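Have a look at the structure below, then the notes.
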Amino acid sequence: MGLNADDPAAMSHYAPEGQPTRPDEAEEPSASESDGAASAETAPLLSVAVVSEDQLTHEGATAALAVFPHIRVLPRGNEQDADILLAFADDVSDQVLKHVEQISARHQDARAVLVTDSITEPRLIRAISLGVASVVLRRTATFSEIADAAIAASIGHSDVPPHILGPLIRHMRRLERHGASVGAGLSPRDMTVLSLLSDGLDTAQIASRLSYSERTIKSIVHTIINTLGVSNRTHAVAYMIRAGFL
């Protein structure tokens, strides 16, 4: 006797294991599964700009990050469109921070992640003031961890390795002790100029380093001198060093 295809009881013996015997028995996806699928399909791309003084590092990082589905690596020249700036450097230089500053000036919502093994305390303070959200140790980090740091920074999270966090905490304590009497009224840009003055740079060199005119630098220095109530730029630098800001 042949099988009756209209008999569900009979056909159930021949349905593949674990599969429904009739279309109306198919299970609907759970709400969490539906939400997860929708999230994966609609998650916005995070625009990332890679900055490195080394061409090989730039090309390698660009290629490695391009495989992550929710990251779009911007070509060189489009850094102003980035949500996140990834700056790769063995040792963070003034040039690297200049890139961060220039992009921050053009895109105020952009945040930066430094991928490095070494940064001096003054440059760390300057980096934080420019919008650097996290520091990732270059020698131990994988590109997956770097991608995670970029995504975390884009939603407001920050992470700094303990050995780098220490100087930052010391600086914040100095600010707490001296901020009311000394630091009040000085902007991050003022502090950047003061830091470069303390490194021995003259007006023309500072203007070139920060991509400002010499006239602008002279105006900033004049503002610093008046704010601190000192007589000249040398006195301003000495004053801030004694106060623990430089």
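The values are calculated or read from the model by the stated rules, or taken from the named source; none is laboratory data. All of these numbers come straight from a predicted model, not from anything done at the bench. Cβ atoms come from the backbone with ideal geometry, glycine included; neighbour counts cover every protein chain shown. The protein model used for the area step is the full one, side chains on, heavy atoms only, and it has no ligands, DNA or RNA in it. Shrake-Rupley method; radii C 1.70, N 1.55, O 1.52, S 1.80 Å.
Which one of the conditions (1) loosely packed, with under 12 Cβ neighbours inside 10 Å; (2) modelled with pLDDT of 90 or more does Gly60 fail to meet, given that it meets all the rest? Of (1) loosely packed, with under 12 Cβ neighbours inside 10 Å; (2) modelled with pLDDT of 90 or more, only one is false for Gly60: (1). Going through (1) of a type in the set (A, V, I, L, M); (2) open to solvent by less than 40 Å² (accessible area, probe 1.4 Å); (3) in a helix (DSSP H, G or I); (4) without any contact (Cβ under 8 Å) to a residue 60 or more places away in the chain one by one, Val135 falls short only on (3).
Just checking, does the range 100-120 include any residue being open to solvent by 20 Å² or more (accessible area, probe 1.4 Å), part of a strand (DSSP E or B) and closer than 17 Å to Val50 by Cβ? Scanning the range 100-120 turns up at least one residue that is open to solvent by 20 Å² or more (accessible area, probe 1.4 Å), part of a strand (DSSP E or B) and closer than 17 Å to Val50 by Cβ. Which one is modelled with the lowest pLDDT among residues in the range 159-208 that are open to solvent by 40 Å² or more (accessible area, probe 1.4 Å), under 15 Å from Arg126 (Cα atoms) and among the small types (Gly, Ala, Ser)? So the residue we want is Ser187. Using the structure shown, decide if Ile220 is among the β-branched types (Val, Ile, Thr) and closer than 21 Å to Thr120 by Cβ. Considered against the rule, which asks whether it is among the β-branched types (Val, Ile, Thr) and closer than 21 Å to Thr120 by Cβ, Ile220 comes out as no. Being buried (at least 16 other Cβ atoms within 10 Å of the Cβ), over 11 Å from the mean Cα position of the chain (by Cα), in a helix (DSSP H, G or I) and not hydrophobic (A, V, I, L, M, F, W, C) is the requirement here; does Arg72 meet it? So Arg72 fails the test. Within the range 121-132, restricting attention to residues that are within 11 Å of the chain's Cα centre (by Cα) and assigned to a helix (DSSP H, G or I), which residue is modelled with the lowest pLDDT? Only one residue tops the list, namely Ile128.
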